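Everything on this sheet refers to the single structure shown next.
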Amino acid sequence: MYTLEEVKIAYYKLKNYVYYDNTELLLREKLIEFETDTKKDDSNLFSWGISEPYSDLNDFKNIFATKKNTIEQNLEIKFAKLLEEINSNNLESKYFKYLFSQIKVDFFPKKIKSTDNELDKNFISNVKCKENYEIEKVTPFINAPLEFHIISIMWIIRSGYKFDAELLDECKGNRLLLNKERTDLIQNSSLFKPYYSQYQSWRDDSVSVAQELLKNKKNALFINLDIKNYFNSTNLDFEKYFPEDDSVNNILRALHKIYS
């Protein structure tokens, strides 16, 4: 069973992550909608109303009727509902059926098709010089309700950190902030090590090792590899990462299957 405290900790770690990561603009929008119950319509105007999974809750209806709702009240009601649904472990409930139905995939341009003009390949500008640009590659990102992001961090807090602890320090990407014993996350609002500092460490350590080799009259070779479409094409071992003995694991199993 999960606790309300776990839901809250996961939410505020998510909020802290979104605040400092300026690449997650769409997730920022979802967080604002989750906290304030406002949503943009097709004309890009914001409207206010009870979000679908919580429309049957009397507490929510009473708050909206008196117009005395606060962000704190909204969150408390949503946290309690989310906890209730997680602990019920019923993925066929009206609540989860709605959330699963909202999972989509957004495609973002990754590479623009180049022309035969050599200038185009070596000159970058914000001036539009062609009527149309043909996209050669795209990257798919999951577009899921914020509740699933909270649940994923609940998984990290209970289980995910154990897999991170098995990795060598030389693995630099998206590493969790673990305590010195590598037995748990550090007790603050942060979740991941800053990516830019990890990247700098990866680059600088590589150069330092190469310089040491050269100083000792040995050869050094840099090999830079990239696995194409890694994150959206990897087949996860569900039994290893999401064993079917836990409600959060079952939710994440279903989410990954829908996204795939």
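The values are calculated or read from the model by the stated rules, or taken from the named source; none is laboratory data. None of these values were measured; they are calculated from a predicted model. Backbone-built Cβ (ideal geometry, glycine too); neighbour counts: all protein chains shown. For the accessible areas, the whole protein counts, side chains as well, though only heavy atoms, and no ligand, DNA or RNA atoms are used. Shrake-Rupley method; radii C 1.70, N 1.55, O 1.52, S 1.80 Å.
Brief remarks follow.
- Coordinate range along principal axes, alpha carbons of segment 149-218, Å, largest first: 51, 22, 17
- Net lengthening on full extension, Ser206/Ser125 (0.36 nm per residue, minus Cα-Cα): 26.0 nm
- Mean accessible surface per residue for segment 138-260, computed with a 1.4 Å probe while every protein chain stays in place, in Å²: 69
- For Lys13, a cut-off of 14 angstrom between C-alpha atoms picks up these aspartates and glutamates, skipping any fewer than 8 places away in its own chain: Glu5, Asp21, Glu147.
- Accessible surface for Ile112 stands near 80 Å², nearest 10, in the context of the full protein assembly shown (1.4 Å probe).
- Accessible-area value, Leu221, 1.4 Å probe, nucleic acids and ligands omitted, Å²: 140
- Reach of Lys180 by Cα under 14 Å, taken over aspartates and glutamates that are not fewer than 8 positions away in the same chain: Asp164, Glu166, Asp169
- The reciprocal of the average 1/r between distinct C-alpha atoms defines the Kirkwood hydrodynamic radius, which for segment 77-222 equals 20.6 Å.
- Under 20 Å of direct C-alpha separation, and excluding same-chain neighbours fewer than eight residues apart, Lys257 reaches these lysines: Lys94, Lys97, Lys104, Lys240.
- Loop-located GluC sites (Glu not before Pro) in segment 75-106 (DSSP state not H, G, I, E or B) with no more than 11 neighbouring Cβ atoms inside 10 Å: Glu92.
- Dimensionless Rg ratio for the chain, taking C-alpha atoms and the 2.2 N^0.38 Å reference: 1.24
- 0 to 90° range, to nearest 10: angle between helix 195-215 axis and the chain longest Cα axis: 20
- When the C-alpha to C-alpha distance is required to be over 31 Å, the pairs from Lys39/Lys228; Lys137/Lys218; Lys40/Lys81 that qualify are Lys39/Lys228; Lys137/Lys218.
- Taking every alpha-carbon pair under 8 Å whose residues sit at least 6 apart, the chain reaches a relative contact order of 20 percent.
- Measuring with a 1.4 angstrom probe and ignoring ligands and nucleic acids, Trp202 comes out at about 120 Å² accessible.
- Between Leu236 and Gln73, the distance separating the two model label sites (each 7 Å from Cα on the Cα→Cβ line) works out to 3.7 nm.
- With the simple model of a label 7 Å out from the Cα in the direction of the Cβ, Tyr199 to Glu35 spans 2.6 nm.
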